[in-house]
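So the structure is just underneath, and the comments pick up after that.
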C-alpha cells in the first residue's frame, strides 16, 4: 500500500491527466485527432507561459495577481509600435518585454524594500497596469498590425504553430533555470525557509526581485502572443487570466506556502485545465458549468496541497 501511495504522490498529477484524456477519448470522438490536439496546445500556450512565470513567484513564497493586466498593457504597447512600414519587428518586442521587466521590478522592490504584502502590491499593480493599458490606447483596440508581428501568434514554424514553439522554449529554459542554476536553488531555499536562507548568506531580496521580474517578463511575452494572435492590442484583454494561471500552478503541485513545485508539474496543470475546457467545449457544455468544474478542481488541489504539507 505504501508503494502505491508513493507512486500516486509522485505521479498523481500525470496519472490524472492521462485518466482525463482516456475518458474524453471515449466520450468525445474527435478529441484525439491531430488537429484537435494542436488546437489544445495552441489554446494553452498563453496560459502556460503565464503559469510558468507565476510558478517562480509562488515557489519563492509570493503571489502575483497582476498577470492579466500586465498581459493587456504589454500587448497594447507592442501593438502600438507594430504598424506596417514603421518600426522593425524587434522594436515592439523589446519595448513590450522591457515594460514587463519594469513592472516586475516595481513589484519586487515594493515587496522587498517596502515590506508590503505581495497580495496587496500585485493587486494594486493589477489596477495600475489595466489603467495604463486604457490610457495608452485611449480605451480603444490598437489595430493595423504588421504581417511580421501577426506571424508570432498566427504563423507556423516547421508545421507547428509559433505560440506552441515559444511555449516549448519557455518550458525548456525555465526548467534549466530552476533545476540547474544557483538562482534556481536559491528560489527554492527562499520559499522553503526565508530566515534560514538569509542566515546561510542568500540575498533574499535579490532572489525575490528576480522571481517577480521573470514572472512579469513572461506575462509580457504572453501579451505579445495574444495581441498577435487576435491581430489587435486589446486594453481589456487578459481579465482573470491570473486566476487560470495560479490554478494551473496549484493543480500542478506547487505549494502555495512556497519552497515546493516544478515547471513540469505546472505544465501538466495547464494541460489538465486546457484538456478539460476543450473536452467540455466539444461536448457543448455551457461555459457556466466549466467555471464550476474548474473551481472544484482548484479547491481539491488546494486541499491535497494542505494535506501533503502537514
- prompt: In this structure, does residue 183 turn out to be under 21 Å from the mean Cα position of the chain (by Cα) and surrounded by fewer than 19 Cβ atoms within 10 Å (Cβ to Cβ)?
  reply: yes
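May I ask you to say which residue of 207, 267 is at pLDDT 90 or above, over 30 Å from residue 151 (Cα atoms) and buried (at least 18 other Cβ atoms within 10 Å of the Cβ)?
207
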Over the range 70-107, the set of residues under 14 Å from residue 216 (Cα atoms) and out of contact with any helix residue (DSSP H, G or I) (no Cβ under 9 Å at 6 or more places or on another chain) is 94
Restricted to the range 155-170 and to residues being touching a helix residue (DSSP H, G or I) at 6+ places or on another chain (Cβ under 6 Å) and in a helix (DSSP H, G or I), the residue farthest from residue 38 (Cα to Cα) is 170
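So that you can scan it fast, the table gives a plain yes or no per residue for (1) over 20 Å from the mean Cα position of the chain (by Cα); (2) surrounded by 24 or more Cβ atoms within 10 Å (Cβ to Cβ):
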residue	(1), (2)
69	no, yes
79	yes, yes
89	yes, no
98	no, no
124	no, no
159	yes, no
162	no, no
173	no, no
**Message:** Condition first: at pLDDT 85 or above, at positive phi, within 24 Å of the chain's Cα centre (by Cα) and surrounded by 16 or more Cβ atoms within 10 Å (Cβ to Cβ). Can you find one or more residues in the range 51-62 that meet it?
**Reply:** yes
The lone condition residue 138 fails out of (1) within 22 Å of residue 67 (Cα to Cα); (2) modelled with pLDDT of 95 or more; (3) surrounded by fewer than 19 Cβ atoms within 10 Å (Cβ to Cβ) is (2)
- Task: Looking only at the range 283-301, decide whether some residue is over 21 Å from residue 65 (Cα atoms) and at pLDDT 90 or above.
- Result: no
Expected single match for under 26 Å from residue 114 (Cβ atoms), free of Cβ contacts under 8 Å to residues at least 40 places away in the same chain and touching a helix residue (DSSP H, G or I) at 6+ places or on another chain (Cβ under 9 Å) among 197, 245 is 197
Within the range 270-299, residues closer than 16 Å to residue 25 by Cα, in contact with a helix residue (DSSP H, G or I) (Cβ under 7 Å, 6 or more places away or on another chain) and free of Cβ contacts under 8 Å to residues at least 60 places away in the same chain come out as 280
Those residues of the range 171-194 which are assigned to a loop (DSSP other than H, G, I, E, B) and either closer than 23 Å to residue 47 by Cβ or without any contact (Cβ under 8 Å) to a residue 12 or more places away in the chain (or both) amount to 181
Listed by first then second residue, the pairs whose first member lies in the range 117-129 and is without any contact (Cβ under 8 Å) to a residue 24 or more places away in the chain, whose partner is part of a helix (DSSP H, G or I) and surrounded by 13 or more Cβ atoms within 10 Å (Cβ to Cβ), with beta carbons under 8 Å and at least 6 positions apart or on separate chains, are 117/111; 121/107; 121/110; 121/111
Given the conditions (1) surrounded by fewer than 19 Cβ atoms within 10 Å (Cβ to Cβ); (2) in a helix (DSSP H, G or I), every one holds for residue 144 apart from (2)
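Kindly indicate which of 109, 97, 132 is at pLDDT 95 or above, part of a helix (DSSP H, G or I) and closer than 20 Å to residue 49 by Cβ. It would help to see each step written out before you state the result.
Working: 109 fails: closer than 20 Å to residue 49 by Cβ; 132 fails: closer than 20 Å to residue 49 by Cβ.
Among 109, 97, 132, only 97 is at pLDDT 95 or above, part of a helix (DSSP H, G or I) and closer than 20 Å to residue 49 by Cβ.
The values are calculated or read from the model by the stated rules, or taken from the named source; none is laboratory data. What you see is a predicted model; the values in this text were computed from it and never measured. Cβ: placed from backbone, ideal geometry, glycine included. Neighbour counts: every protein chain shown.
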